[in-house]
1. Can you tell me how many residues in the range 64-85 are among the aliphatic types (A, V, I, L, M) and within 11 Å of Leu149 (Cα to Cα)?
2. Please tell me if Val80 is under 15 Å from Ala140 (Cβ atoms) and not acidic (Asp, Glu).
3. Is it the case, given these coordinates, that Lys163 is touching a strand residue (DSSP E or B) at 6+ places or on another chain (Cβ under 7 Å) and either at pLDDT below 95 or not β-branched (Val, Ile, Thr) (or both)?
4. Exactly one condition in (1) closer than 16 Å to Lys32 by Cα; (2) in contact with a Leu (Cβ under 8 Å, 6 or more places away or on another chain) is false for Lys82; which is it?
5. Considering each of Ile33, Ile45 in turn, give the residue that is in contact with a helix residue (DSSP H, G or I) (Cβ under 8 Å, 6 or more places away or on another chain) and either over 25 Å from Leu150 (Cα atoms) or touching a residue at least 12 places away in the same chain (Cβ under 8 Å) (or both).
6. Got a sec? Which strands (runs of 3 or more DSSP E) wholly within the range 57-172 have at least 2 residues that are under 14 Å from the mean Cα position of the chain (by Cα), without any contact (Cβ under 8 Å) to a residue 60 or more places away in the chain and under 16 Å from Ile16 (Cα atoms)?
7. Any idea how many residues of the range 30-56 are part of a helix (DSSP H, G or I) and surrounded by 13 or more Cβ atoms within 10 Å (Cβ to Cβ)?
Amino acid sequence: MLAENLEITTPIDVDIIALDKDDRIVVLIEVKINQAKEKAATQRIIDSALKQIKHFLSKLSEKNVVIPYAMIVTLEDIIVFKWDGTVLSEAVLSLKTPDILHYYDSKLGDQRIFVPYLTRLIEAWLRDLAYNWKSEIPPASEHIAAIGLLPLLAGGTTKSEVKIGGDFIYRN
């Protein structure tokens, strides 16, 4: 079913959110894995995730919650978009997932990866950007800074498999 045909209601299920130091959501992240290697299949998954994210962000904006960034993560790419409350930009940043995540798992790509593990690696990277827990200069930090996201991540955290409803997060 295409995302534009879905009736989306809150709470909204999200793979990962990044929170700033004041517990505000600054990035909504969808993690997608395509075991097929065809570029067309991967692009269909990205397009579908992008439509879903647009719907999620629109629904939250109706509740006066504007999340400034969105991210789609696949085994190949990390793609970042900006949201202004009405328009989702074209990609403002595209990174190669292995280039970023090999720093957190040097054997990445040697075995089959599933969504929960990829989610944990992305969270490790985002928390490194927020706290420099693993390195003084985390992978792609200069690129994340250039699009204005790094200061929002500073001192923040991440949550995975959450439900967002308006200006609150449902927690287990």
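The values are calculated or read from the model by the stated rules, or taken from the named source; none is laboratory data. What you see is a predicted model, and the numbers here were worked out from it, not measured in a lab. Here Cβ is always computed from backbone atoms with ideal geometry, including for glycine, and neighbour counts include all displayed protein chains.
1. Step one: list which residues in the range 64-85 are among the aliphatic types (A, V, I, L, M), which gives 65-67, 70-73, 75, 78-80.
This time we only want the ones that are within 11 Å of Leu149 (Cα to Cα), so: 70, 80.
Qualifying residue count, the range 64-85: 2.
2. Numbers: under 15 Å from Ala140 (Cβ atoms): yes; not acidic (Asp, Glu): yes.
Against the criterion (under 15 Å from Ala140 (Cβ atoms) and not acidic (Asp, Glu)), Val80 qualifies.
3. Values: touching a strand residue (DSSP E or B) at 6+ places or on another chain (Cβ under 7 Å): yes; either at pLDDT below 95 or not β-branched (Val, Ile, Thr) (or both): yes.
When the stated conditions are applied, Lys163 passes them.
4. Result: Lys82 fails condition (1) only.
5. Within the list Ile33, Ile45, the selection yields Ile33.
6. Working: elements: 69-73, 77-82, 93-96, 157-165, 168-170.
Answer list for the range 57-172: 69-73, 77-82.
7. 14
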